[in-house]
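Reading through the structure tokens given below for one structure.
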Amino acid sequence: ERIKSGTAVPVTPPPTCPSASHRLWPEIEQVVHQQVAWARLGLGDSGTGWQLFAEDGEMRMYRREEEVDGMVVDPLKAVHIVKGITGHEVCHYFFSPQYRYDWETTLEQMTVLETIADDSCLFLQTHKRIWPASQRDVIFWSHIRHLPNDQDRDGPDIWTVVNHSTEHKDYPANSGKCVRIFLTVCMLCQTRVIPPKEGTPITRDNISCKITYCSVVNPGGWAPASVLRALYKREYPKFLKRFTSYVTNQTKDKPIMF
Ligand code: 6CM
């Protein structure tokens, strides 16, 4: 029915995102913007300052050696190209709690403290103890987002998941056997489609996903630098290879989720 001129209509616009009224929302917005911009920068044209520490097929991992108060907080940037999967699929499996035990090998226990909205959750995780350091735990919000490409017609859409440490009054840091770690992680994905022959449908042979994974982890308490760097050198490549193979396996017989 047409609205007669002069009739009062509600002027409050619908929320732009289901999480928008949550107390963490301003921080989620700000950190997601910052992390997406940082991940999209790649390594810069010259890759200056980034040290390649692992390489396997299309996967390359770089770090910068940085310490804060004597603790290793080396920023990490990894790039990988995986055929046959989409960015939406990668982000779906990285974000969703129900798959986490399948691929996260350092995990001891995961609890969803709060479902903020379909696209945002609050997690408490304890990770396996690594000798000789104390066991670690972490509380972080996790947010999945689709960034449609409305500027460049030929450029790919972006899917991203950002994880960022936060606090929770019921779980104060360093109150039990665990030392609290602090992290910021961004998984950013761009899907490329090689157009199939005219009239034929797009199959998994026509798609590939460029993944940029960035992370900064503060171990939160004493951990010997050499042990930590050796751990990262071993665990990050293992994680990215295992996780992407997991996504490939999970999706191979399913319809493509663009
Ligand atoms: O990003 C990854 N995983 C996400 C989902 O679990 C999330 C959580 C990351 C927690 C990473 C903790 C790594 C363990 C660090 C232990 C440090 C202290 C030990 C001291 C030893 C001397 O973002 C994948 C993370 C892959 C990490 C290898």
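Any read-out appearing in this document is the output of simple, stated calculations on the displayed coordinates, not a laboratory observation. Every value quoted in this text rests on a predicted model; they were computed, and no experiment measured them. In this analysis, Cβ positions are derived from the backbone assuming ideal geometry, glycine residues included, and neighbour counts consider all displayed protein chains.
All other residues whose Cβ lies under 13 angstrom from that of residue 223 are scored, Lys and Arg at +1 and Asp and Glu at -1, for a net of +1. Comparing 63, 180, 23 in a Gaussian network model of the chain, where Cα atoms under 10 Å apart are tied by springs, the biggest mean-square fluctuation is seen for 23. Scoring 209-219, 168-178, 52-62, 101-111 by mean Cβ neighbours within 10 Å over their residues and listing the highest first yields 209-219, 52-62, 101-111, 168-178. Please state the shape class of the chain: rounded when a/c is under 1.5, otherwise prolate if a/b exceeds b/c and oblate if not, all from the C-alpha gyration tensor. Here the chain falls in the oblate category. Each part gets one Cα centre, and for segment 156-181 versus segment 190-258 those centres are 21 Å apart. Between 131, 144, 156, the Cα set farthest toward the positive side of the dipole of segment 46-160 (charges on each charged residue's Cβ, about the Cα centre) is that of 131. Each residue of segment 190-200 is assigned a 3J(HN,Hα), and the resulting list reads 10, 9, 10, 10, 8, x, x, 3, 3, x, 9 Hz, derived from the Karplus form 6.51 cos²θ - 1.76 cosθ + 1.60 (θ = phi - 60°), x at Gly and Pro. Okay, which of segment 221-236 sit inside 17 Å, backbone N to the point 7 Å along the Cα-Cβ direction of residue 105? It comes to 228-236, nothing else. A simple charge model with +1 on the Cβ of Lys and Arg, -1 on the Cβ of Asp and Glu and nothing else charged puts the dipole of segment 90-154 at about 380 debye relative to its Cα centre. Evaluated with a Cβ-only charge set (Lys, Arg +1; Asp, Glu -1), the chain carries a dipole of roughly 440 debye about its Cα centre, given to the nearest 20.
Given a cut-off of 25 Å, name the pairs among 169/238; 210/241; 83/238; 210/238 whose C-alpha atoms lie farther apart than that in the structure shown.
Working: 169/238 34 Å; 210/241 14 Å; 83/238 18 Å; 210/238 18 Å.
Flagged as over cut-off: 169/238.
On full extension, the segment bounded by residue 192 and residue 23 gains 57.2 nm, given 0.36 nm per residue less the C-alpha separation.
Using C-alpha pairs under 8 Å with a sequence gap of at least 6, the mean separation divided by the residue count of the chain gives a relative contact order of 22 percent. For residue 177, the aspartates and glutamates whose Cα falls under 15 Å of its own Cα, not counting residues fewer than eight places away in the same chain, are 108, 137.
Phi angles across segment 125-131 convert, under the Karplus curve 6.51 cos²θ - 1.76 cosθ + 1.60 with θ = phi - 60°, into 3J(HN,Hα) values of 10, 10, 10, 4, 5, 10, 4 Hz, Gly and Pro given as x.
In segment 81-238, what percentage of the DSSP-assigned beta bridges are antiparallel, given to the nearest 5?
95
A Förster radius of 30 Å combined with the Cβ-Cβ distance from residue 58 to residue 37 puts the calculated FRET efficiency at roughly 0.80.
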